[in-house]
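Reviewing the structure listed below.
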Amino acid sequence: MKPLFHVARTPVHLQPLFFLTALATGWDFAAEPGRLAMWLPVVFASVLLHELAHAWALRRFGSPASITLHELGGTTRGSDRLTHRQSAWVSLAGPAASLLVGGLAWAASGLASPGEQPGPGGALLQQLLWANAGWGLFNLLPVRPLDGGDFVASLVRHRAGYRHERSLQVVGVLTAVALVVGAIATRTVWMGVLALMLGFTNGRRLLQRQREARLKPIAPPRRPLAREGSTEGAIPLDALLGRKPAAAGTPSSTEPGPERARSSLRGVARDEHAPDVPHDVGSVGQLLFDSGMADLAVRPLQESFTREPSSRAAHALVLALLEAGRTTELESLLSGPQASLLSEPTLAAVDARAQVLGNAALTDRVTALRRGRAPKSDERG
């Protein structure tokens, strides 16, 4: 979609539903058309300033930025190559700008004489205070896709990778439920509607995460290697029992060190039915992935998928590529001939992460794959 305008080289897209939400949040001014008319540009300017702060932070880290104003406020998209720490700073930039403007509006409104009825200028300051300080504080709630939820997610991922994504979604659902209760208690319709939307979004992602967990590849059990104790300086068993030592060249149970180990290995080589220790590269990749080393896990998982293409191997590879942030390779996989092996839960995982990252290319590719798999209705003559 073509941007409506640019601010400081940042493209800005505007969806009509943005103004519907702005009207809903200013419903208290419905009895005063003049103040309601003032509220719309105040909300527009405040949300745009909030998103421009995100865009400024993204550019500071070398990322391009684009802004979309929509029914939930606004979204600023940038590169998915940022570190988790950089993403945390980007998340805080918007609320910081809003709280700064709200603080300035509060300080300016305090200059008015006590008891004096606010005129148009005073009403403007009050609306700026509410639109910026109120929205800035609301955005710090730990529920995604609000800035507070993104900030907490970035901190958790910086410390422990993507192991606690389910817990983040649970926190988001619980926060949305608390918001619904607060909206009912205060009879704030717009807050209740927004809380329901946030709860639905996090609940859907939580269900997707649970389906992904059930499909997570399980590494085959590893057979532990027997350890050989050191026999250096030990008294042979034959000497303790008063036996004659074994003839030279005949391996016995008391052969020390390397010779005994070689005899054992020859015995194993002759036993065709002895269980072998698995040397599956897929198991190695899964072990690296479970240990939080997604970058190192990608290569063995790619090799495993190339050797034996399957939906399970594809799912493991996709999860590793997502966690490692290697979206270019993931796009190649989605566009290649083996994309047919990607199951619906795998596509759901890609779609959920693409929405978080704002990666339109991945979202479009997943949509195209789903449409290609949709059963066509029977033609009737």
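The values are calculated or read from the model by the stated rules, or taken from the named source; none is laboratory data. Keep in mind it's a predicted model, so treat the numbers as computed, not measured. A quick note on method: Cβ atoms are made from the backbone with ideal geometry, for glycine too, and the neighbour counts reach across all protein chains shown. In case anyone asks, the SASA skips ligands and DNA or RNA and just uses the protein heavy atoms, side chains included. Shrake-Rupley method; radii C 1.70, N 1.55, O 1.52, S 1.80 Å.
Points worth noting:
- Of the Cα atoms belonging to region 282-375, the radius of gyration and Dmax stand at 12.6, 40 Å.
- Estimated distance in nm for a label pair at residue 60 and residue 126, the labels positioned 7 Å out from Cα along Cα-to-Cβ: 3.5 nm
- Here the Kirkwood formula puts the hydrodynamic radius of region 85-198 at 15.8 Å, using every distinct Cα pair.
- Label-to-label distance, nm, for residues given as residue 299 and residue 9 (7 Å Cα→Cβ offset): 3.7 nm
- Computed lengthening from residue 75 to residue 368, 0.36 nm per intervening residue step minus Cα-Cα distance: 103.1 nm
- With all protein chains modelled, accessible area of residue 190 [1.4 Å, Å²]: 60 Å²
- Segment residue 178-residue 361, extension gain: residue separation times 0.36 nm, minus the distance between their alpha carbons: 62.4 nm
- For residue 14, the residues 5 or more places off, or on other chains, whose built amide H falls under 5 Å of its own are 4, 69.
- Rolling a 1.4 Å probe over the heavy atoms of the protein chains gives region 1-114 an accessible area of 55 Å² per residue.
- On region 33-102, 65 percent of the accessible area sits on carbon and sulfur atoms, based on a 1.4 Å probe.
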